[in-house]
Amino acid sequence: MTTRDPAIGTKAALSPTAARRPEVDRRTALRVLAGTVTALTIAPRLAAQQESREPPARPDPLASEQVNTFVRVAHSNLDETRSMLDKEPRLIKATWDWGGGDFESALGAAGHMGRHDIAEFLLERGAPLELCAAAMLGQLPIIRAALELQPSLLHVPGPHGITLTAHAQKGGSRATETLAFLTEFAERHPAPKA
């Protein structure tokens, strides 16, 4: 295939591949070339910057005595719980290991003690919601949704081996409907035999 080259006024032979390519004007070619040069110039610098960045340093772990004290006071003392959390906000997610797989957070402590005030304060400050605390607080929609999704959660004990039903009992009048639901649910989903 041949075509006339307007620049020189003669015919030029084109390969079959070239004949199918769309014509690229000078402006487009310069833009592509400029973009390529820019990318090739900047890319090595960006890569070097990425390599030289170290991950941010992690803060030191919380002192275990501080965690133990925080969990202990969250069983019964709202003012001290607030004071400790104001001084060290990372305590909100801390858990204490009592041994034998018995882990307890401040929310777990408030939950099995029936301390609505402490539990609500901790949730407002960002404590991760725990199912046992939700039962004590009478959060029936949460309990229902969790158990319908995974019925075996009914038999997963909270801190110190305390059951979900016992947490609802600690909730008093706020958890009456939740306790009734858990009692009926337990009849349909008995604990597995060991």
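The values are calculated or read from the model by the stated rules, or taken from the named source; none is laboratory data. These figures come from a predicted structure and were not determined experimentally. Here the Cβ is made from the backbone with ideal geometry for all residues, glycine too, and neighbour counts use every protein chain on show.
If you go through segment 39-56 one residue at a time, do you hit one that is in contact with a His (Cβ under 9 Å, 6 or more places away or on another chain), over 30 Å from GLU187 (Cα atoms) and not charged (D, E, K, R)?
First, the residues of segment 39-56 that are in contact with a His (Cβ under 9 Å, 6 or more places away or on another chain): none.
No, that holds for no residue.
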By residue number, the members of segment 72-86 that are of a type in the set (Gly, Ala, Ser) and within 22 Å of PHE103 (Cβ to Cβ) are ALA74, SER76
Here's a check for you: in segment 129-143, which residue that is assigned to a helix (DSSP H, G or I) and among the small types (Gly, Ala, Ser) is surrounded by the most Cβ atoms within 10 Å (Cβ to Cβ)?
ALA133
Give me a count of the residues in segment 104-140 that are touching a Phe, Trp or Tyr at 6+ places or on another chain (Cβ under 7 Å) and not acidic (Asp, Glu).
2
Within segment 144-158, does at least one residue satisfy the condition of being surrounded by 17 or more Cβ atoms within 10 Å (Cβ to Cβ) and either touching a Cys at 6+ places or on another chain (Cβ under 6 Å) or within 30 Å of ASP60 (Cα to Cα) (or both)?
yes
Checked segment 142-160 for anything small (Gly, Ala, Ser) and either touching an Asp or Glu at 6+ places or on another chain (Cβ under 6 Å) or within 22 Å of HIS116 (Cβ to Cβ) (or both); matches are ALA145, ALA146, GLY158
Take the residues of segment 68-96 that are loosely packed, with under 13 Cβ neighbours inside 10 Å and not basic (Lys, Arg): which is nearest to the chain's Cα centre (by Cα)?
PRO89
Report yes if some residue within segment 101-115 is at pLDDT below 95 and either buried (at least 19 other Cβ atoms within 10 Å of the Cβ) or not aromatic (Phe, Trp, Tyr) (or both); otherwise report no.
yes
The one condition in (1) on the phi < 0 side of the Ramachandran plot; (2) out of contact with any Ser or Thr (no Cβ under 9 Å at 6 or more places or on another chain) that GLY126 fails to fulfil
(1)
